[in-house]
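To start, the structure under review is shown below, and the notes come after it.
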Amino acid sequence: GGTVDSKTSQNKMTNLSSSSRASNRQAPLSGGRPQRVLMYTPCYNVLDGVTLTMRKIEQGLLASGDHVCILTTASGDLKNTHMEGEHPNRKIIFVDNSIPIPFCVDKDNPSLSYHMAFSLNSKTKEYISDFDPTIIHVTAPDICCLYIIEYARQQQLPLMGTYHSNIQDYMLHYPGLGFFRVILGALFRHHYNFLQHLYAPTPFMKQYLVDTWQYDTATKMKIWGRGIDLERFSPSRRSRAFRRTLGINDDTPILLWVSRAVNEKRPDIFADVVRRLHAQNMKFHAIVVGDGPVIKVLMSLPNTTYLGWLSGDELPVAYASSDVFLFPSAVETFGNVTLEAVASGLPLIVEAGCSGHLVKEGSNGFAIEGANFNDYFEATRRLLTDSNLRKQMSDGSIAFSQEFEKSKVVEKMVDNYAQVTTEFYTDYGGLHENRDNDKAYTFRLGSNPVSWTLQGYLVLVLRAFQICWYSAAFLLSVWTSLFGEIRFGDSNNEDNISAPANNQLPSNPQGGQEVSDDEQSEEEETKICDSLTSSSVFAAPKRWISSCTIGDTLAFLFVSAVSAQCRMECKIRRYFRRKSDMFVSRKKSDSLVAVDLLPPLKR
């Protein structure tokens, strides 16, 4: 089903003829009328990096006089629907047939749970047609997205997407589910095969998608960065009152974490750093902003204050009132929270691959290669004990943030819409089939977005995933109740061979009460390690990669078999379509001949 929420929904647009719609859609090319952008973002009311990015685009379009329609599910807090107020050029359509994503469910806070949708029914399509979009922008490759793609192709609408989340790589952080990465990778590539352009947030992410999944053969890979409101996130927000409310002295450096508390964000590294700092009697205080399934582990850390999710003016104040930002997640496509920290003037300690693009030549922080626990600890210890270095890198972050001013980035996306629209009508004649002819060899799952074969296998894979997930959760709960927490391995030994990418860490940083690793007793080191790895929520991803090679092989064979069946179905359907067209053409020809043979009418 589908429901619509909009001030303008009370005055529905009258149905336009197909020719009128086609001419109106081409009008933005010549400046005849504003763009009408349909955005599909499944979890619009869950305030994360994806939805906040889409809201920035939305506000930019409305400020330019364009029209926006948001297609989403009922996930999240519905109070967030009109956070920026209602607008006559803005429309919201809710798709009702959605379910929670198993690994993105927070039982303690349902408003933070993510949903995936399944299809578009006739009522939802009617709402979309009433909006009369000139371009469709998709942000998440779920099952419903395939039906949106199918709708765009039926209506001959320009189609593009932005890449926000490495969902397939999330599987590497959940024991026993690594093989699903292969299946999801093939499915997502099928989605992107139908898009004219796919915009990655960074050059690193673009290259990763090209090297790992060969997305460049399926669509045109482009780069579109992210923007930040420099008035909202600013060092000027720093507040002594904020620190004193939490009982933190002005001279105590604050180590900040802002994120969902889930395995793939690597809270185990943050926890290890905090525990080691505490064990060495370092002067610091940690603040955790966020929530999620593993938040209890972070809440139990020493010298740590948990604030939950912050919004409004509270979040910028928390950033600006802190001193160092530690965010070791290796699954970020851009790192919106990292950009907020940069704008707030914080020195950074981040993972080099995903957030390293926001560390400029070591002048505003450290970019750590891999999951190197020791390097994260040494970088944090150096910044916490060296106030001059913190000041230097804070100034570097403030200067660097000017390159990401929000309005510039939003204007670029508006230009992207115009470019995709122009290309669709000038290069492809307003027909998706013309683009298909250029990329026929790339449709590994067939040239039909939702073939009958694919629909059947999608249901099968979804059910299999649910069974695996809930079975594992049940067995884990039984084991925990009987024997205590499961230890998934010593994460402190994982990847401890690489060095920081942009700066070398000193062997003897100044300040603080320092205890070297060699001076620690074996018993103390064991306690620190055990306190971290005894929790069942932290898994060592690379251990599971190596243990899932057989599963990956079987998943690859499964994908190959499904691909062959989908392509065969598409060939059969094309064959019968041609036969049907030939039959209709022959009937029309015969009718014309019969008319010619009729004797002329007498007057």
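Let's test the formula: R0 of 30 Å, r as the Cβ-Cβ distance of Glu84 and Ser113. What FRET efficiency results, to the nearest 0.05?
On the way: r = 23 Å, r/R0 = 0.76.
Plugging the Cβ-Cβ distance into 1/(1 + (r/R0)^6) gives 0.85.
Tell me the per residue accessible area of the stretch 249-357 using a 1.4 Å probe; a whole number in Å² is fine.
Values: 2490 Å² over 109 residues.
I get 23 Å² per residue for the stretch 249-357.
At a 1.4 Å probe radius, carbon and sulfur cover how many percent of the accessible area of the stretch 326-408?
Numbers: 1030 of 2310 Å².
Carbon-and-sulfur percentage of accessible area, whole number: 45.
Per residue of the stretch 389-396, in order, report the coupling 6.51 cos²θ - 1.76 cosθ + 1.60 (Karplus, θ = phi - 60°) as ³J(HN,Hα) in whole Hz, putting x for Gly and Pro.
5, 4, 5, 4, 6, 5, 4, x
If you take the beta carbon distance between Asn121 and Gln214 as r and set R0 to 35 Å, what does 1/(1 + (r/R0)^6) give as a FRET efficiency, to the nearest 0.05? Kindly include the intermediate steps, with their values, before the conclusion.
On the way: r = 34 Å, r/R0 = 0.97.
E between Asn121 and Gln214, to the nearest 0.05, is 0.55.
Express in nm, to one decimal, how much length is gained between Ala279 and Asp438 on full extension, taking 0.36 nm for each residue of separation and deducting their alpha carbon distance. Provide the component values of the computation, followed by the final result.
Working: separation 159, 0.36 × 159 = 57.24 nm, distance 6.14 nm.
Taking Ala279 through Asp438 to full extension adds about 51.1 nm, to one decimal.
Quick one: if the Förster radius is 41 Å, what FRET efficiency do Ser300 and Arg577 give, using the C-beta to C-beta distance and rounding to 0.05?
Values: r = 62 Å, r/R0 = 1.51.
For R0 = 41 Å, the calculated efficiency reads 0.10.
Which whole-angstrom value gives the distance between the alpha carbon centres of the stretch 322-380 and the stretch 408-462?
Taking the Cα centre of each part, the stretch 322-380 and the stretch 408-462 sit 35 Å apart.
Kindly rank 252-261, 203-212 from highest to lowest mean number of other beta carbons found within 10 Å of each residue.
252-261, 203-212
What spacing in nm lies between the two simple spin-label points modelled at Leu475 and Glu150, each 7 Å away from Cα in the Cβ direction?
Reported label-point gap for Leu475 and Glu150 is 3.5 nm.
Roughly how many nanometres apart are two label points built 7 Å out from the Cα toward the Cβ at Leu431 and Ile467?
4.5 nm
Would you mind putting 228-234, 395-401, 432-438 in packing order, based on average other-beta-carbon counts within 10 Å, highest first? Spell out each step's value before the answer.
Values: 228-234: 17.4, 395-401: 19.4, 432-438: 14.1.
By packing density, highest mean first, the sequence is 395-401, 228-234, 432-438.
The values are calculated or read from the model by the stated rules, or taken from the named source; none is laboratory data. As the structure is a computational prediction, the values presented were derived from the model and not from experiment. Please note: Cβ atoms are built from the backbone with ideal geometry, for glycine as well, and neighbour counts cover all protein chains shown. What goes into the accessible areas is simple: the full protein's heavy atoms, side chains included, and nothing from ligands, DNA or RNA. Shrake-Rupley method; radii C 1.70, N 1.55, O 1.52, S 1.80 Å.
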